[in-house]
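The values are calculated or read from the model by the stated rules, or taken from the named source; none is laboratory data. Just so we're clear, the structure is a prediction, and the values are computed from it rather than from any experiment. Ideal geometry is used to build each Cβ from the backbone, glycine not excepted, and the neighbour counts take in all protein chains shown. Surface accessibility is based on the protein's heavy atoms, side chains included, excluding ligands, DNA and RNA. Shrake-Rupley method; radii C 1.70, N 1.55, O 1.52, S 1.80 Å.
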Amino acid sequence: MEPERGAGGLAFRGSHSRSPEQERPQKGETGPGSERTKAEARMAVDARLAAFVVALRALNCGLVRTSFVPDEHWQSLEVAHRLVFGYGHLTWEWTAGLRGYAYPLLFASLYEVLRLLGADSVWLLVWTPRLAQALLSAVADMKLYSLVCRLETQEVARWVFLCQLCSWFTWYCCTRTLTNTMETALTTIALSYYPLEGAKAAHSRKYASLVALACLIRPTAIIPWVPLLLRHVWLEPAKGRLILCCFLPVGLVTLSLSLIIDRIFFGQWTLVQLNFLWFNVLQGLGSFYGTQPWHWYLSQGLPAVLGPHLPFFLHGCLCAPKRCRVLLVAVLWTLLVYSMLGHKEFRFIYPVLPFCMVFCGHSLAQLRAWRKPALGFLLLSSTLLALYTGLVHQRGALDVMGYVQEAGCRSTNLSSASTFMLMPCHSTPFYSHVHCPLPLRFLQCPPDLTGQSGDLDEADTFYRGPTRWLQREFQDAASLPARLVIFSALEEEIRAFLVSRNYERTAVFFHTHFPEGRTGSHIYVYERKTRMARN
């Protein structure tokens, strides 16, 4: 018998690992029949694996109960809620035409089905889109596995698959309703059709369509594909046919679809992809939300996103075969492009994380004596990170909206149950997590798109003198909101105002162990005593 490929092969041995005697047709068994039997066995194993991944991502969805960034609510669910139910807040990006309706339209379709079925409860409105995103992420996981199965041995494919499933950042992000999450899923699925083997592409139109769809959702999705597309054109014998008969028609159809969708909802022809790039790249106005040094993705971004996978990724870059180098080029190119922009976030490089998992899998496949302790370290540390970030860190923003929904929407007089979030703008979700026309307000913070005004936005003005701002804003008792939602960091500064206006703390929610700046460790809900007495 042939020796096993690697000392760790036993840990993942399944129907794909068969001895030569098992592979050889038995007496009375024909060759084609044997091949059919093996194909059926592989399909059965893949079906069980797919069922496991779907169940895991569904569990993943249920175990992520924290907030990450405002866009996961304000640029998707909030817009969808407004489209279907007629109320919801559109941020300044929609007024300026920087966002397209294609992505929130997916969730609006789910909301419309729930509305028609009379099942539009808050719970379903929050969790149905996230479950749909989790299922798409499960498809992407399986596509990554099938890609490596095609390129490498079963052992390498299984280690890559394990690395993908235990990535803490993937666990943290893959069920969120972020454009970055959809971008990552579509990029991974597209990669499974990309001709990494260097042969003539049989599925060029498939992967090109998925890349175009990802760019429709988020224009920056094209960045990691630049070196991959150039490589494909370089290696393709019929270059003109590939460009003219594949890339160009796919791009034109996708762009036309985007224009038509946004024409319907904006009421005018709007090329949101151009507006997005003009604002964030050419004008650099994305720096309004903060800037980081050029090396941030190398020194902090990528190490944090990889987490415990970092040493395996570095080792895998050294031991992976040459055919994987194009993936490493795509990763480095993406880091380089994003490093040239002032505003940087962890989620921006999420789409290349599955690329990195290929190198992590090669690393584990090469390890021998150190494999067990390495696996123990990887699984334990990744699990702890995933559970902490998914269940503990920054969970108050979601918990408090559940309280606001229950307390406010049960009121017989909604107009007297107004709530004001005195927090950094977009700190919590909005009507998508309340689902009743409760009077809600938050501190506004749109950037100055003209570049000529030096005026501060509402949030900055408030934090320069909170008590003075409140006294000026609410000069009579009738205009006071029924509830104020604040971070604990603000409480001491506005305590005198709260006492003088008869506000009383009625609820406390833990938010984070790492408060900074205007964000506190807890979220407090204050309610006017006079209103409580009337009820």
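If eta is 1.002 mPa s and T is 20 °C, what Stokes-Einstein diffusion coefficient results for the range 382-535, Kirkwood Rh from Cα pairs, in µm²/s? Walk me through the numbers before you get to the answer.
Numbers: Rh = 16.6 Å.
It comes out at roughly 129 µm²/s.
Do any cysteines in the chain lack another Cys Cβ under 4.7 Å, and if so which?
Cys with no partner Cβ under 4.7 Å: Cys61, Cys149, Cys166, Cys173, Cys174, Cys215, Cys245, Cys246, Cys317, Cys319, Cys324, Cys356.
For the chain, what is the percent of antiparallel DSSP beta bridges, rounded to the nearest 5? Intermediate values should be presented prior to the final figure.
Working: 13 of 20 bridges.
Rounded to the nearest five, the antiparallel share is 65 percent.
Name the residues whose placed amide hydrogens come within less than 5 Å of the amide hydrogen of Thr506, ignoring near sequence neighbours (fewer than 5 apart) on the same chain.
Long-range HN contacts for Thr506: Val525, Tyr526, Glu527.
Given a Förster distance of 30 angstrom, what is the FRET efficiency for Leu105 paired with Ala58, based on the Cβ-Cβ distance and rounded to 0.05?
Details: r = 24 Å, r/R0 = 0.80.
Between Leu105 and Ala58 the formula returns 0.80.
Sticking with the crude label model, points 7 Å out along Cα→Cβ, report the distance from Glu516 to Leu131 in nm, one decimal please.
3.6
Which angle from 0 to 90°, rounded to the nearest 10, does the C-alpha axis of helix 31-62 make with the longest principal axis of the chain?
20
State, as an integer percentage, the relative contact order of the chain based on alpha-carbon contacts under 8 Å between residues 6 or more apart.
Details: 736 pairs, mean separation 86.8, N = 535.
It comes to 16 percent, rounded to a whole number.
Relative contact order for the range 82-195: what is it in percent, counting Cα pairs under 8 Å that are at least 6 residues apart? Provide the component values of the computation, followed by the final result.
Details: 71 pairs, mean separation 30.4, N = 114.
Relative contact order of the range 82-195: 27 percent.
Could you name the lysines whose alpha carbon sits less than 29 Å from that of Lys206, not counting residues in the same chain fewer than 8 places away?
Lys38, Lys143, Lys239, Lys322
Can you tell which of Ala407, Leu470, Leu440 lies farthest toward the positive end of the dipole of the range 399-515, using +1 and -1 charges on the Cβ of basic and acidic side chains (Lys, Arg; Asp, Glu)?
It is Ala407.
Expressed as an acute angle from 0 to 90° and rounded to the nearest 10, what is the orientation of the C-alpha long axis of helix 325-339 relative to the principal long axis of the chain?
Approximately 20 degrees, to the nearest ten.
In square angstrom, what is the accessible area per residue of the chain with a 1.4 angstrom probe?
Details: 24660 Å² over 535 residues.
Heavy-atom SASA per residue in the chain reads 46 Å².
Between Leu282 and Glu112, what length in nm is gained on full extension when 0.36 nm per residue of separation is reduced by their alpha carbon distance? Each step should come with its number before you reach the end.
On the way: separation 170, 0.36 × 170 = 61.20 nm, distance 3.75 nm.
Stretched fully, the Leu282-Glu112 segment lengthens by 57.5 nm.
Could you rank Asp476, Asp448 by how accessible they are, 1.4 Å probe, largest area first?
On the way: Asp476 85, Asp448 50 Å².
Ranking Asp476, Asp448 by accessible area, largest first, yields Asp476, Asp448.
Against the longest principal axis of the chain, how steep is helix 248-266, in degrees 0 to 90 to the nearest 10, with axes from Cα atoms?
Once rounded, one gets 20 degrees.
With every atom except the alpha carbons ignored, what do you get for Rg and Dmax of the chain, in angstroms?
According to the Cα coordinates of the chain, Rg and Dmax are 26.1, 94 Å.
How many nm is it between the label spots at Ser415 and Gln300, if each spot is 7 Å from the Cα in line with the beta carbon?
The two pseudo-label positions are separated by 4.8 nm.
Take peptides 358-365, 397-404, 273-280 and line them up by average Cβ neighbours within 10 Å, highest first, as a rough protection proxy.
Details: 358-365: 26.1, 397-404: 21.2, 273-280: 17.1.
Sorting 358-365, 397-404, 273-280 by mean packing, highest first, produces 358-365, 397-404, 273-280.
Given a 1.4 angstrom probe, I'd like the percentage of the accessible area of the chain that is carbon and sulfur, rounded to a whole number. Could you put the intermediate results ahead of the total?
Details: 15220 of 24660 Å².
Accessible surface attributable to carbon and sulfur in the chain totals 62 percent.
So if R0 is 22 Å, what FRET efficiency would Tyr87 and Ser121 give, r being the distance between their Cβ atoms, rounded to the nearest 0.05? Spell out each step's value before the answer.
Details: r = 17 Å, r/R0 = 0.76.
Plugging the Cβ-Cβ distance into 1/(1 + (r/R0)^6) gives 0.85.
In nm, give the distance between the simple-model label positions of Arg241 and Ala44, each being 7 Å from the Cα along the Cα-to-Cβ direction.
Calculated label separation equals 4.1 nm.
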